[in-house]
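Structure, as structure tokens:
The values are calculated or read from the model by the stated rules, or taken from the named source; none is laboratory data. Here the structure is a predicted model, which is why all the values come from computation and not from measurement. Every residue, glycine as well, gets a Cβ built from its backbone with ideal geometry; the counts of neighbours run over all protein chains shown.
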Ligand code: PGA
Ligand code: ZN
């Protein structure tokens, strides 16, 4: 039974406020209490169709305070779920959705509902004395995710000239998650050395990847391939590359074109690409580099473009919809029907409850789409997504560079989970179908 609930305002990895919730479950027979705590992340390149992140819009914290969301937890949500069975996650989430009463969590705030939803799951797992991944996933839970590790940041996550938001490496041939993590960390350090040797900046962006000024995607990819080779791994075999273009940020509705401000500034001329030029650009990039996955290659509303992109590249690489699907089953269902993309990025705060995120994962997997579990660029020490990635046998997790504790918290939690699973832990190339 839920006997107490408490929300508070804390800070995220960018120094902005975010929501934390604590739940107490009391065993009605023994009187024993179990606590669960969870913190909510926050994006920078947020999709237009995401659930609402309630911000105070007052002077404190430049309008980013979350006192209203916290107060919703401590009043309306507390009233609605106190006394309820904390082991019934779906029911609790349904009450949260109904108490909010909107399509986009605009009333209570998805930051309020998600903090509570995750904290309830944690407390429930504790009350049963089982790990969170097992509580969420059940007895068959065993697949460790391949890291999709962002080692070079651009776009909205850094102040450099790189226009694509994320350049990631995937250690697809590692023996285990721990081995894969080591490979990624070694490549990360080699990349740092290469950047230093070339006199390029080794400062990092929001997700811990380096953020040097480079003229275009090819220049970044050359450096990453060099770092993989210097680490004694074979690009395309041991380690593959993934991109998050976050192209909704590059798209200009007035011109109908994708604008590349960084590339333009370093090349001294306006670089713009239309949808078909973007698709052709990706075709060139995947023929020149060992790219396994491209996320948000086109803008969140460019369904026609996405259809073409999927027709051209969908049987060659993974095409991930982030801003396109926003972890929302309605948008995913539309995408599946239109044969758009072949994977969904899952960010729990895009939708606002654990059950709805898991519903999106289930829908994806049932329809042959991959689900990539993801952090946000603004993170906390919360490791919920590490457990979630194992629980749903997602096979892939995107949670930043091996640098900055908000990112490593997730990787370190996965190391613990793998150790605990012992010999049943599995690790495999996630895209052998493609
Ligand atoms: P965000 O970036 O958290 O800033 O939205 C992550 C992503 O786009 O995948
Ligand atoms: Zn993205």
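The figures follow:
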{"quantity": "Filter result (in contact with a strand residue (DSSP E or B) (Cβ under 6 Å, 6 or more places away or on another chain) and either more than 16 Å from ligand 2 (Cβ to nearest atom) or without any contact (Cβ under 8 Å) to a residue 40 or more places away in the chain (or both)) within segment 390-402", "calculated": "393, 395"}
{"quantity": "Matching residues in segment 336-349 - criterion: being surrounded by 24 or more Cβ atoms within 10 Å (Cβ to Cβ) and either more than 15 Å from residue 394 (Cβ to Cβ) or more than 12 Å from ligand 1 (Cβ to nearest atom) (or both)", "calculated": "340, 341, 342, 343, 349"}
{"quantity": "Qualifying position, being closer than 18 Å to residue 51 by Cβ and in contact (Cβ under 8 Å) with a residue 60 or more places away in the chain, among 136, 108, 114", "calculated": "114"}
{"quantity": "Qualifying residue in segment 299-310 (condition: touching a strand residue (DSSP E or B) at 6+ places or on another chain (Cβ under 6 Å), under 13 Å from residue 248 (Cβ atoms) and within 16 Å of ligand 1 (Cβ to nearest atom))", "calculated": "yes"}
{"quantity": "All positions within segment 215-247 that are away from ligand 1 (no atom under 16 Å from the Cβ) and not in a helix (DSSP H, G or I)", "calculated": "215, 216, 231, 232, 233, 234, 235, 236, 237, 238, 239, 240"}
{"quantity": "Members of segment 136-174 that are over 18 Å from residue 431 (Cβ atoms) and away from ligand 1 (no atom under 16 Å from the Cβ)", "calculated": "136, 137, 138, 139, 140, 141, 142, 161"}
{"quantity": "Count of residues meeting criterion [under 18 Å from residue 240 (Cα atoms) and surrounded by fewer than 23 Cβ atoms within 10 Å (Cβ to Cβ)] in segment 292-306", "calculated": "0"}
{"quantity": "Conditions (1) surrounded by fewer than 23 Cβ atoms within 10 Å (Cβ to Cβ); (2) more than 16 Å from ligand 1 (Cβ to nearest atom); (3) without any contact (Cβ under 8 Å) to a residue 60 or more places away in the chain; number of the one not met by residue 66", "calculated": "(1)"}
{"quantity": "Residue that is surrounded by fewer than 18 Cβ atoms within 10 Å (Cβ to Cβ) and in a loop (DSSP other than H, G, I, E, B), where the choices are 15, 47, 35", "calculated": "15"}
{"quantity": "Yes/no for residue 129 being within 16 Å of ligand 1 (Cβ to nearest atom) and at pLDDT 95 or above", "calculated": "no"}
{"quantity": "Filtered residues of segment 202-214 (kept if buried (at least 16 other Cβ atoms within 10 Å of the Cβ) and away from ligand 2 (no atom under 16 Å from the Cβ))", "calculated": "204, 210, 211, 212, 213, 214"}
{"quantity": "Cβ pairs under 7 Å, 6+ apart, first in segment 33-53 and more than 15 Å from residue 353 (Cβ to Cβ) and touching a residue at least 60 places away in the same chain (Cβ under 8 Å), second within 12 Å of ligand 1 (Cβ to nearest atom) and in a strand (DSSP E or B)", "calculated": "42/378; 43/378; 44/378"}
{"quantity": "Answer from 81, 77 - the residue that is within 14 Å of residue 1 (Cβ to Cβ), modelled with pLDDT of 95 or more and touching a helix residue (DSSP H, G or I) at 6+ places or on another chain (Cβ under 6 Å)", "calculated": "81"}
{"quantity": "Per-region count, segment 392-418, residues touching a helix residue (DSSP H, G or I) at 6+ places or on another chain (Cβ under 7 Å), within 16 Å of ligand 1 (Cβ to nearest atom) and over 26 Å from residue 359 (Cβ atoms)", "calculated": "1"}
{"quantity": "Residue 309 being surrounded by 18 or more Cβ atoms within 10 Å (Cβ to Cβ) and away from ligand 2 (no atom under 16 Å from the Cβ)", "calculated": "no"}
{"quantity": "Residues that are out of contact with any strand residue (DSSP E or B) (no Cβ under 7 Å at 6 or more places or on another chain) and either without any contact (Cβ under 8 Å) to a residue 60 or more places away in the chain or part of a loop (DSSP other than H, G, I, E, B) (or both), drawn from segment 168-178", "calculated": "173, 174, 175, 176"}
{"quantity": "Inter-residue pairs, beta-carbon under 6 Å, first closer than 11 Å to residue 154 by Cβ and touching a residue at least 24 places away in the same chain (Cβ under 8 Å) and in segment 205-228, second within 16 Å of ligand 2 (Cβ to nearest atom) and assigned to a helix (DSSP H, G or I), 6+ apart", "calculated": "205/157; 206/157; 207/157"}
{"quantity": "Restricting segment 248-282 to residues that are under 24 Å from the mean Cα position of the chain (by Cα) and assigned to a loop (DSSP other than H, G, I, E, B), the residue that is farthest from ligand 2 (Cβ to nearest atom)", "calculated": "260"}
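Matching residues to (1) surrounded by 24 or more Cβ atoms within 10 Å (Cβ to Cβ); (2) within 15 Å of residue 290 (Cα to Cα):
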residue: 151; (1), (2): yes, no
residue: 155; (1), (2): yes, no
residue: 160; (1), (2): no, no
residue: 168; (1), (2): yes, yes
residue: 234; (1), (2): no, yes
